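First comes the structure, then the notes that go with it.
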Amino acid sequence: MKINRRRLRRTIRRVMKESMKELYGDIQNEILHIGQEQGGELVVQDVIDYLQNYANDPLGDPRANYVSSMSYEEVLQIMFDMVDGGMLTGGYEDFFDVHPDYM
């Protein structure tokens, strides 16, 4: 079966988009986990410190380099998205709480 460039590009874009959604969900799960371990309270720097350990992934997951190098602003944006989604509360001066439903 032949595949033209246009169809190949669309397929690649779709796969990448799905992969990024999965990664975004994994990061959100990790943030919730960090907050749960800390009694429901966390700050952005706690998340950044935790995610930097992804660079030491023994399996060599290529997503690990991206996650471990996320900037403060990227992590903060994810956490504000989680506030909008009802998973976290707060966000004042980058202090967040895990919503009681997720504890």
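Condition check: of a type outside the set (A, V, I, L, M, F, W, C), in a helix (DSSP H, G or I) and either open to solvent by less than 40 Å² (accessible area, probe 1.4 Å) or at pLDDT 85 or above (or both). Does GLU18 satisfy that?
Against the criterion (of a type outside the set (A, V, I, L, M, F, W, C), in a helix (DSSP H, G or I) and either open to solvent by less than 40 Å² (accessible area, probe 1.4 Å) or at pLDDT 85 or above (or both)), GLU18 does not qualify.
Would you please name the residue that is modelled with the lowest pLDDT, looking only at residues in segment 42-56 that are open to solvent by 30 Å² or more (accessible area, probe 1.4 Å) and among the hydrophobic types (A, V, I, L, M, F, W, C)?
So the residue we want is ALA55.
Given (1) open to solvent by less than 50 Å² (accessible area, probe 1.4 Å); (2) at pLDDT below 85; (3) over 15 Å from the mean Cα position of the chain (by Cα), where does ALA64 come up short, assuming only one miss?
(3)
Being in a helix (DSSP H, G or I), more than 12 Å from the chain's Cα centre (by Cα) and not aliphatic (A, V, I, L, M) is the filter here; which residues of segment 73-102 pass it? Quick ask: steps written out before the conclusion?
Keep residues of segment 73-102 that are in a helix (DSSP H, G or I), which gives 73-84, 100-102.
Still in the list and also more than 12 Å from the chain's Cα centre (by Cα): 73, 83-84, 100-102.
Of everything in segment 73-102, those that are in a helix (DSSP H, G or I), more than 12 Å from the chain's Cα centre (by Cα) and not aliphatic (A, V, I, L, M) turn out to be GLU73, ASP84, PRO100, ASP101, TYR102.
The values are calculated or read from the model by the stated rules, or taken from the named source; none is laboratory data. Worth saying up front: this structure is predicted, and the values here are computed from it rather than measured. Protein only, heavy atoms only, side chains kept; ligands, DNA and RNA dropped before computing areas. Shrake-Rupley method; radii C 1.70, N 1.55, O 1.52, S 1.80 Å.
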